[in-house]
Amino acid sequence: MNQDIDTFPVLETKRLVLRKVTKEDANSILNYLSDEEVMKYYGLEPFKSIDDALDEIAWYQSIQVNSTGIRWGITLKEQEIVIGSCGFHNITSQHFRAEIGFELTREHWGKGIAAEAVEAIISYGYQHMNFQRIEALIEPLNLSSQKLVEKLGFLREGLLRNYEFTCGKFDDLYMYSLLKQDFDKIKTSQA
């Protein structure tokens, strides 16, 4: 799971380029992370200033430097604007697992963009980061994220009661997982 922190892996899909997020992307990030609907299940209050966005970018950089995660900015091909992000956090190297996270600006919801981005990073995680298990922790009311991960083959394993304390309250989270052999089987059946 070792990554060369000097070279950031750029991933391309049919419609997207997933790339490193830089300080120049702060306004784009502020645009969608200040949206209450986007932030509803994010675990943070909606962003209020450019400093909030710069702090988010600093967190993306710190998890990569510390080898605990990696976060890609989602851009449409031929466009430089970051419209969301996705990536891994809480990487546990000795157990070959990580959690996945993603969000997308509201005007791009319902177009399959998040699923396309998440599928690309899952594939990268299994092929290049040596993961065996990828987890997704999702609030019970976040039906769209549940549908997205289920479409990609994740299985709901159970409910983690009062698992997180965010925005002044305890949140229950569903634990989803996708194992490498299950992902490989899905990809083989689609070929």
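Summary of computed values
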item: Label point distance in nm, Thr92-Leu159, each placed 7 Å from Cα along Cα→Cβ; result: 2.3
item: Among Tyr163, Gln190, Leu173 - extreme Cα towards positive end, dipole of the chain, charges at beta-carbon; result: Gln190
item: The stretch 1-109: relative contact order as a whole-number percent, Cα under 8 Å and 6+ apart; result: 26
item: Karplus-derived HN-Hα couplings along the stretch 94-109 (A = 6.51, B = -1.76, C = 1.60, θ = phi - 60°), whole Hz, x at Gly and Pro; result: 5, 10, 6, 9, 7, 9, 10, x, 6, 7, 8, 4, 4, 5, 10, 5
item: Whole-number accessible area per residue in Å² for the stretch 1-119, which is evaluated in the context of all protein chains at 1.4 Å; result: 52
item: Among the listed pairs Lys23/Lys48; Lys151/Lys180; Lys14/Lys151; Lys20/Lys111; Lys48/Lys77, those beyond 26 Å (Cα-Cα); result: Lys48/Lys77
item: Whole-Hz ³J(HN,Hα) from phi, Karplus 6.51 cos²θ - 1.76 cosθ + 1.60, for the stretch 74-84, glycine and proline x; result: 9, 10, 6, 4, 6, 10, 8, 6, 6, 10, x
item: Relative contact order of the chain, defined on C-alpha pairs under 8 angstrom at six or more residues apart (%); result: 18
item: Highest average packing first - 19-26, 167-174, 118-125, Cβ atoms within 10 Å; result: 118-125, 19-26, 167-174
item: Principal axis dimensions, largest first and in whole angstrom, of the stretch 118-174 by Cα; result: 38, 20, 20
item: Overall form of the stretch 35-80 per C-alpha gyration tensor (a/c, 1.5; a/b vs b/c); result: oblate
item: Under Karplus coefficients 6.51, -1.76 and 1.60, residue-wise ³J(HN,Hα) of the stretch 17-33 in Hz, glycine/proline x; result: 10, 9, 9, 5, 8, 10, 4, 5, 8, 4, 5, 5, 5, 4, 4, 8, 7
item: FRET E, pair Glu150, Glu78, Förster distance 35 Å, beta-carbon r, rounded to 0.05; result: 0.70
item: Three-way shape call for the stretch 65-152 based on the alpha-carbon gyration tensor, with the a/c threshold at 1.5; result: oblate
item: Cα shape, the chain, gyration tensor, a/c 1.5 rule; result: rounded
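The values are calculated or read from the model by the stated rules, or taken from the named source; none is laboratory data. Because the structure is predicted, anything quoted here is derived from the model rather than measured. Glycine gets a Cβ as well: all are built from the backbone with ideal geometry, and neighbour counts include every protein chain shown. What goes into the accessible areas is simple: the full protein's heavy atoms, side chains included, and nothing from ligands, DNA or RNA. Shrake-Rupley method; radii C 1.70, N 1.55, O 1.52, S 1.80 Å.
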